[in-house]
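Since every read-out is calculated from the coordinates, none of them should be taken as a lab result. Here the structure is a predicted model, which means the values were calculated and not measured. So basically every Cβ, Gly included, is an ideal-geometry build from the backbone, and we count neighbours across all protein chains shown.
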Amino acid sequence: MAAQYHFLSEYTLRGDVEALWAALADVPAWPAWWSWLKKIELLRPATGPDGLGASYRNTVRAPAGYGFVYTTEITDVERLRRIDVPSSGDIAGRGRFLIVPTANGDLDLSFSWLVSTPKRGMTAIAPLARPMFNWNHDRMMSAFGAGIAKAAGLELISTRNSSLRPGSPGFQVMPTAPS
């Protein structure tokens, strides 16, 4: 059985939500500002607005030196609020970007990544390697936050990365945006 992971990255940004949305929706530009994403290939163009229906092959080089390739598809979009991206390949599962304006005018951006590692080798070493995989994810997603802030011309106020362990309350439960 594949090892499961539940990662959450949260960023507080100051600036224009339209600029943040534009940077999120411009997936082909991500390798220019996200150092760990080495290559992105368009497999299928968008069939709707804001990238809906587009599919990409993502090639990543983790801080610990290992690489992985996975495919994502933008399956659901709520403009300026949410993007859902299932994945398959070396990382299989689903992700969700949420944008929530704060009371003081800042923007909270979160990315939830509920995935498993179908590769037999990654699954076999998961009991010992989970802390390293978490560390790698935290470094990659901290770079994502800094990169998207720069690409969108926003100020990055804070970054927080966390993970839930299997069996923890909320494990593998996708968060929803507040009403």
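Note the full-extension length gain between Lys119 and Thr102 as 0.36 nm times their separation in residues minus their Cα-Cα distance, in nm to one decimal.
Additional length available on full extension: 2.2 nm.
Going by alpha carbons, how many degrees (0 to 90, nearest 10) lie between the helix axis of 120-152 and the longest principal axis of the chain?
It is inclined by approximately 20 degrees.
Hey, if you drop one equal point scatterer on each alpha-carbon of the chain and run the Debye formula without solvent, what base-10 log of I(q)/I(0) do you get at q = 0.12 Å⁻¹?
Log-scaled intensity ratios, in q order: -0.54.
Can you run the Rg to Rh ratio on the range 94-138? Use alpha carbon positions and the Kirkwood inverse-distance Rh.
Result: Rg/Rh = 1.20.
I'd like the per residue volume of the convex hull spanned by the Cα atoms of the range 49-152, given in cubic angstrom.
Values: hull volume 12.2 nm³, N = 104.
Spread over its residues, the Cα hull of the range 49-152 gives 117 Å³ apiece.
What does the helix-only formula give at 222 nm for the chain: each DSSP H stretch with n ≥ 4 adding -39500 (n - 2.57), the total divided by the residues, and the result rounded to the nearest 500 deg cm²/dmol? The partial results should precede the final answer.
Details: 3 runs with 46 residues, N = 179.
Counting only the DSSP helices, I get -8500 deg cm²/dmol.
Write down the Kirkwood hydrodynamic radius of the range 1-89, to one decimal in angstroms, obtained as one divided by the mean of 1/r over all alpha carbon pairs. Can you show the working numbers first?
Details: mean 1/r = 0.0692 Å⁻¹.
In the range 1-89 this quantity evaluates to 14.4 Å.
Want the number for Arg94 to Lys39: 0.36 nm per residue separation, take away the alpha-carbon distance, what's left?
17.8 nm
Under the Karplus relation 6.51 cos²θ - 1.76 cosθ + 1.60, θ = phi - 60°, what is the ordered set of whole-Hz ³J(HN,Hα) values for the range 40-48, x standing for Gly and Pro?
So the J values, rounded to whole Hz, are 9, 10, 6, 8, 8, x, 4, 10, x.
Could you please report the charge total around Ser116, scoring K, R as +1 and D, E as -1 over all other residues with beta-carbon less than 15 angstrom from its beta-carbon?
Residues near Ser116 contribute +4 overall.
Calculate, for Phe171 and Tyr66, the FRET efficiency according to 1/(1 + (r/R0)^6) with r their C-beta to C-beta distance and R0 25 Å; round to the nearest 0.05. Write down the numbers at each step before the final one.
Working: r = 24 Å, r/R0 = 0.96.
Efficiency for this residue pair is about 0.55.
If I build a Gaussian network model for the chain, linking alpha-carbon pairs within less than 10 angstrom, which residue out of Gly93, Gly145, Gly105 has the largest mean-square fluctuation?
The residue with the greatest mean-square fluctuation here is Gly105.
Please check: in the Gaussian network model of the chain (C-alpha springs, under 10 Å), which one of Asn134, Asn104, Asn58 has the largest mean-square fluctuation.
Among Asn134, Asn104, Asn58, the largest GNM mean-square fluctuation belongs to Asn104.
Rg and Dmax of the range 117-179, Cα atoms, in Å?
15.1, 42
Given bins 10 angstrom wide, list per bin the percent of all Cα-Cα distances in the range 65-117, short to long.
It works out to 24, 42, 24, 10, 0, in whole percents.
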